[in-house]
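Reading through the structure tokens given below for one structure.
The values are calculated or read from the model by the stated rules, or taken from the named source; none is laboratory data. In this text, all values refer to a predicted model and were calculated from it rather than measured experimentally. Positions of Cβ are generated from backbone atoms using ideal geometry, with glycine treated the same way; all protein chains shown enter the neighbour counts.
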Amino acid sequence: MQRSSIRTTIEDIVNYWFSRVDECGLSVDASEAHERCWRCGCRTKLEKCHIIPASSGGKDEPSNLILLCKRCHIDNPNVTDPEIMWDWLRAYSVPFYDTFWDLLGLKEYEFIYHKSFFSELGNLGINNTDEINNLLKEFAPIIIKEVKHHYGHPYINTATIAGAYRMILKEIARKYNKIITPLDYSVPRRQWYFGNEK
Ligand SMILES: [Zn+2]
């Protein structure tokens, strides 16, 4: 976690890394790396995060620090191989700001329902991008308003975003008088991890 004793400045960390790494494939551009999280790209308060943990001897110097938001700081890999931090940052990079958590919610949706939200729309016969955008504009604000009532948490977590997409899908199906196939609980979860054994 954040230690107030870190003396290296945000400016030093940005200058060190963005003169060395290729910003392509990261969620943040060099010009905004001092104010946006290097993993999710959100503009928020940043914490100085050790690459090699201080508890494993990681030093208080720019080469061992990156900038993350509180939420990503909790999720970051705490391991002693510095390459793994960059593998992680690049694996999660998104091309546009303010899309990260929504995309993670869609990934969570796929994990829960075994299908992507958009393939489920395709199953309803909805494939046209403009049509999809219009439907999202119609239903997303209603559902988002509902889920936001779940106050007391510092942010809307990915399971909530995935659930909101499911609710939107059900609303769309209702509009077209169609039915969403419920999740088949009889399919063993391990098939998902290790492949279908049939
Ligand atoms: Zn973040």
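The set of residues from the stretch 132-172 being among the basic types (K, R) and at pLDDT 90 or above comprises K137, R166, K170. Selection of first residues in the stretch 75-98 that are on the phi > 0 side of the Ramachandran plot and of second residues that are assigned to a loop (DSSP other than H, G, I, E, B), restricted to Cβ pairs under 8 Å at least 6 apart or on distinct chains, gives the following pairs, ordered by first then second residue: D98/G41; D98/C42. Taken as a whole, the stretch 140-148 holds no residue that is touching a residue at least 60 places away in the same chain (Cβ under 8 Å) and either of a type outside the set (V, I, T) or not assigned by TED's automatic domain parsing to the domain that holds D75 (or both). The helices (runs of 4 or more DSSP H) found wholly in the stretch 1-112 and carrying at least 2 residues that are within 14 Å of the ligand (Cβ to nearest atom) and of a type in the set (K, R) occupy 70-75. Within the stretch 173-198, restricting attention to residues that are over 17 Å from L135 (Cβ atoms) and basic (K, R), which residue is modelled with the lowest pLDDT? Of everything passing the filter in the stretch 173-198, K198 is modelled with the lowest pLDDT. Check the stretch 148-160 and report whether any residue there is out of contact with any strand residue (DSSP E or B) (no Cβ under 9 Å at 6 or more places or on another chain) and among the hydrophobic types (A, V, I, L, M, F, W, C). Yes: one or more hits.
The selection criterion, being surrounded by fewer than 18 Cβ atoms within 10 Å (Cβ to Cβ) and either without any contact (Cβ under 8 Å) to a residue 40 or more places away in the chain or at positive phi (or both), holds for S56.
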